[in-house]
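Since every read-out is calculated from the coordinates, none of them should be taken as a lab result. Nothing here was measured: the structure is a model prediction, and the numbers come from that model. As a convention, Cβ positions derive from the backbone with ideal geometry for all residues, glycine included, and neighbour counts pool all protein chains shown.
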């Protein structure tokens, strides 16, 4: 199994969901609508759709959405959520490296740093395949963490304590077991300047039980992404430092990068 | 919250990373204070006797003073093991029961700024002043606020032999206090939490308090290697005198 298949379990997803500020999903989708000038019934591909946070919001607004995700338990949860939101979404369980769509979508989104998991070559190939999957006039939005931010704000250690506030997911280790011992996630990371990667190790601890997982993210600066976009065929690459369309700066955390297929 | 009554005990002793620095610290103290064998020394907030015992091994006359009964018991045991004649006295540093008694008083490694009320923290310096002989000196070692706010990290952890040691620091800019949680995850399964809160000072604040307490000739070093103080220094190590 690849590291991202091990890493993204239900605990991880729940923990990430908790960090999302209220209104963030709607604001992201507003942004997609604006920068991609989406037409009614536009066909949209949401890559690495997870629990369908964006897919569902897009579908609510009347777009025809395909959500692609490798993790079967995430797909299951996304389907559940889509059905309670009463929207029809085409969820596909697939490795995003293997997409082979040809001029099918008006817009493709790859949000919340769901990029940088693979080898440099595979990452660049993915961008090429995204270009192929877009119709002419289509638009691609990539939202990723800025490498410059990583360098300037790097911390090698972090930890969290999980409490039992979750109602809807199944845990490999329940957040709090019957004796009331909480689960801790201890994280250590190393920045590898030769590869521009952050390699990490997560240790999940509960009582005397332990699970270890690894991470290996490639981080990109804007100029690198622009070069990758252009070599894939994208034109008019734009980058913003926020959904409010501020410029990218060294201290920008999440970059919103837009490529167009003319 | 009177956290200092709660956390200084056997568990703290077990996890205290400063244990291994006892020798280094006592050497630094000896040098900075230019100690003489006939000096009467008070180690204020001596804890489990880390510094007092080292100084006593070097044949200095030291008294250790602390509020924690269990720390003092550990200190007495350690002194007995080493066959050292260190006197350990229990008390609250806001009320030091000695007047004009010591040549040197040591308050080492952030044993200052515990009290929530600023008046209480100041009172410690006032009490130190009166406990010193005229011409006696105080060595006070605290964290440098300017350095802390620059290198501030909220969470960290380390793995030790039989437990994980997790730290969460929260700096409260309204009170200039560092609120710290330590979480100990024992590998056999238990979890314990220890919390503390310390007032963090900039040099100008320390100077103002020392002057107000009556101290003169305030000298400042910036780390345990004895280098001069600058804004980036990790510590504020002040050496000052009760006027003759």
What ranking do B:51, A:185 get, fewest neighbouring Cβ atoms within 10 angstrom at the top?
A:185, B:51
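Mind giving me the FRET efficiency for residue A:25 and residue A:249? R0 is 22 Å, r the Cβ-Cβ distance, nearest 0.05 is fine. Display every interim value, and only then the final one.
Numbers: r = 25 Å, r/R0 = 1.12.
With R0 = 22 Å, the Cβ-Cβ based efficiency is 0.35.
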Compute the distance in nm between two label points, each set 7 Å from the Cα along the Cα-to-Cβ direction, one at residue B:180 and one at residue B:231.
2.5 nm
Most fluctuating of A:190, A:64, A:19 in the GNM of chain A (C-alpha, under 10 Å) is A:19
GNM flexibility winner over chain B from B:72, B:11, B:210 (Cα, springs under 10 Å):
B:11
When segment B:148-197 is reduced to its Cα atoms, the Kirkwood hydrodynamic radius in Å
11.8 Å
GNM, chain B, Cα, under 10 Å: largest mean-square fluctuation among B:134, B:97, B:173?
B:173
Which of A:223, B:196 has the fewest Cβ neighbours within 10 Å, and the rest in rising order
A:223, B:196
Separation of the residue B:21 and residue A:191 label points, Cα + 7 Å toward Cβ, nm:
2.6 nm
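From the helices alone, meaning DSSP H stretches of at least four residues, give me the mean residue ellipticity at 222 nm for chain A, per-run term -39500 (n - 2.57), in deg cm²/dmol to the nearest 500.
Numbers: 8 runs with 78 residues, N = 262.
Only helices count here, giving -8500 deg cm²/dmol.
Could you work out the percent of alpha carbon pairs in chain A separated by over 28 Å, rounded to a whole number? Intermediate values should be presented prior to the final figure.
On the way: 12022 of 34191 pairs.
So the pairs more than 28 Å apart make up 35 percent of the total in chain A.
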Tell me, what is the FRET efficiency for residue A:231 and residue B:216 to the nearest 0.05, using R0 = 60 angstrom and their Cβ-Cβ distance as r?
0.25
Assertion target for B:182, B:130, ordered by fewest C-beta neighbours within 10 angstrom first, is B:130, B:182
